[in-house]
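The structure appears right after this line, and notes come after that.
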Amino acid sequence: MVRVRSSSLLVLVLAVGLWGLPDPGAPAVASHSTGRWSAHGPSAGSVRTVEVGNDGTVYAGTGGAGVFASRDGGATWQRRGSGLPPDAYVSGIAVSPSTPARVYLSTYAHGAYRSDDAGASWRRIHPAATVSDIAVDPTDADIVYLGDAGGTNAKSVDGGATWTGLTIPNRSTFASDVVEVAPSDPAVVYATDPPLLVRSDDGGATWHGTGSSTTFVEDLAVHPTDPDVVYAATVFDTVQKSTDRGVTWTAGTGLPDIVTHTVEIDRSRPSTVYAGTARGGYAYRSVDAGATWQRYRVATANGAVEHLASAAGGVVYAGTTYNGVFRSVDRGATWTRRGNRIVGADVRALVTVPSSPAVVYAGTMGDGVHRTTDSGLTWARRGLAGRRVNDLAVHRSRPRTVYAATDRGIHRTIDGGRTWRLATSRFAGASAVAVAPSDPAVVYATRSGSVIRSVDAGRTWRRLRVPDYADYTALAVHPTRPATAWVGTAGSQGTVLRTGDGGRTWRSAAACPLNYPALDLAVDTRRPWVVYAGCESNGLYRSRDRGATWRRITPDAVDTVTDVVVDPARSGRLYVGTYSGRGVSGVYRSVDGGVTWRLFGTGMTTTWTHALAITATSSRLHAGTTGYGLDGGGGGVFTYRLK
């Protein structure tokens, strides 16, 4: 089982809410439009929990795309979602050992679910919105425990039809991040009582404190045949082991002194134990019951190993941040990626190639760049593994030259992503990049505290003198004047800056409201005096005078606007990507220049949208999505055929 991370939960709370009707004078939102979105990749993304049933079925719970299942050892995966919200952020999976078709699920924001057909269909079994963890009795599929279900632990003895709250005397709350039942003695239940650990010897009726000196447990594993032996993966104390039901604890050697996310005991060889930590790309194995640990590379993974699951015959599965699922068939010594068709990538940037409408590049959170050459039907990795890609731009006349703004700086490829070179070694990190449409040798980029410019297609760069703001967040370049550009800031005034002379001088205007940054900027290519600014928590603003003055043109339902697209064939047709704490997330469209808006979302199962791109022929619109946690999980790229 896995622990709810508080940072994810805080962000998630913002996603839950209802929005009121707009004021009579505000722009209106109509009902859903016709047509459908479809997503076929990129594969991977964050897999928060992975479990294996006794029938060999492997389940992967994602950070924003629901649950996937594999019956062939992870070679292929199918989304298992009838009755389950398709954008579910999964916090725990429990497969009944006695009845493998019975599967329980806990989620952030959508509660707890039960399936009686190996995940083909689901029904909700608890009213709480967020449930941190779930565990099932090894001998009775109807006995199930919930950790922190709306602020309390709960137990059901009838498969979730009714529930009894679990309590500790003289305590007002008992809400566990992790719950684990001993496989050989279902009366023994371990649970976190943050920041400590407690134990029940009577199926949850009463609870006892343990002697654990460790705090903040992330995961638990109980020996398959001895309920007295338990391992705890912790935030501050690596992996702790107890052989007396938690009375005393010891720690082995060889694990790094960082957060340990998960611990798992080998199903057929209990002296072998596995652990995953916050050190990206590595798993750890002990062959002496936790006394000493050795490190093993998890193939091409670069994200943290979030969860481990043991299967028969020394097979182990690892769910990772950013990189999906990996499998080892030699007890953790070597690993291969097994995440194809788990469409859960967190996509933060998109760019289409003007001369080749079927080619699209996608920048992800932690998994580099992916590319499709068939309008999104198939995707392939194109380098920058491990990098967070914040923005992408393409050279107009050289379609294989692409720029990527990453957490390390501006990277440049001239061969379509086969190889990349860091082009800004003196400027660490980058938030946005834009190529001048009329002169592709001119490239602008932003980073924290500065704006830079290249006039030789990214070979050399010069820092521009700009007003002193804490951060620069967005870029747009005039379609015919490469010296004219707009820069969005995260300063206290929500300012948009404009230069008409290549950055020598600047004019500023408050676009977004106080303390809310401009997350994206777009210029109407047919009417370049019209500029749009997508604002955090405040919708879309428009300027009709090159950025001198601004006015909001979206209703309250349109909350945070992360990306803005103006249809190149028709100026009045606008698309905005959003995520919302008070409205409805997804893609909105206006066909009348922003007077009215329609939620353009049928078929978009993951709706928090971070990136949009339209083809030069206006034939397809692509949307890059992210999950509730905003930390590596999402729904991949959705594509809408416009004509």
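For region 94-156, with all protein chains present and a 1.4 Å probe, just round the carbon and sulfur fraction of the accessible area to a whole percent. Looking at region 94-156 in its full context, I get 50 percent from C and S. Split the accessible area of region 462-552 by element, probe 1.4 Å, and carbon with sulfur accounts for 43%. Across all directions, the shadow cast by the convex hull of region 510-627 built on its C-alpha atoms averages 6.8 square nanometres. Normalising the average separation of contacting C-alpha pairs (under 8 angstrom, six or more residues apart) by the number of residues puts the relative contact order of region 317-468 at 12 percent.
Under a model in which nothing but the beta-carbon of Lys, Arg (+1) and Asp, Glu (-1) is charged, the chain shows a dipole of about 3720 debye around its Cα centre. Express the carbon and sulfur contribution to the solvent-accessible surface of region 272-342 as a percent, rounded to the nearest whole number, probe 1.4 angstrom. Roughly 49 percent, rounded to a whole number. Identify, among 310, 321, 351, the residue whose Cα sits farthest towards the positive end of the charge dipole of region 298-359, taking +1 on the Cβ of Lys and Arg and -1 on the Cβ of Asp and Glu, with the dipole about the Cα centre. Comparing the listed Cα positions along the dipole, 310 ranks first.
Per residue, the accessible area of region 592-643 comes to 26 Å², computed with a 1.4 Å probe over protein heavy atoms only.
Normalised per residue, the accessible area of region 394-524 is 41 Å², obtained with a 1.4 Å probe and no contribution from ligands, DNA or RNA. Amide H contacts of residue 166: 153, 154, 155, each under 5 Å away and 5 or more positions distant or on a separate chain (H built 1.01 Å from N in the peptide plane; Pro and chain starts excluded).
Between the listed residues 299, 208, 277, the Cα displaced farthest toward the positive end of the dipole of region 204-340, a dipole computed from Cβ unit charges relative to the Cα centre, is found at 299.
Looking at region 218-332, the accessible area is 32 square angstrom per residue; that uses a 1.4 Å probe and ignores ligands, DNA and RNA. Compactness of the chain is given as radius of gyration and Dmax, 25.5, 76 Å, from Cα positions. Once a ≥ b ≥ c are taken as the square roots of the eigenvalues of the Cα gyration tensor of region 419-544, is the result rounded (a/c under 1.5), prolate (a/b larger than b/c) or oblate (a/b not larger than b/c)? Because a/c hits 1.5 or more and a/b fails to exceed b/c, region 419-544 counts as oblate. Using the Cβ of residue 412 as centre and a radius below 9 Å, the other residues enclosed give a net charge of +2, where K and R count +1 and D and E count -1.
Tally Lys and Arg at +1 and Asp and Glu at -1 over the other residues with C-beta under 11 Å from the C-beta of residue 256: what net charge comes out? With Lys, Arg at +1 and Asp, Glu at -1, the net is +1.
For region 48-57, the Karplus equation 6.51 cos²θ - 1.76 cosθ + 1.60, evaluated at θ = phi - 60°, returns couplings of 7, 8, 9, 9, 10, x, 5, 8, x, 5 Hz by residue, with Gly and Pro reported as x. Across the chain, the mean sequence separation of Cα contacts (distance under 8 Å, 6 or more residues apart), normalised by length, yields a relative contact order of 13 percent. The length gained by stretching the chain between residue 162 and residue 139 to full extension, at 0.36 nm per residue less their Cα-Cα distance, is 6.4 nm.
Placing dummy labels 7 Å off each Cα toward the beta-carbon, the span from residue 428 to residue 268 is 4.8 nm. Give the calculated FRET efficiency between residue 358 and residue 545 to the nearest 0.05, with a Förster radius of 30 Å applied to their Cβ-Cβ distance. After rounding to 0.05, the efficiency reads 0.20.
The values are calculated or read from the model by the stated rules, or taken from the named source; none is laboratory data. In this text, all values refer to a predicted model and were calculated from it rather than measured experimentally. For neighbour counting, all protein chains shown are included, and Cβ atoms are generated from backbone atoms with ideal geometry for every residue, glycine included. Protein only, heavy atoms only, side chains kept; ligands, DNA and RNA dropped before computing areas. Shrake-Rupley method; radii C 1.70, N 1.55, O 1.52, S 1.80 Å.
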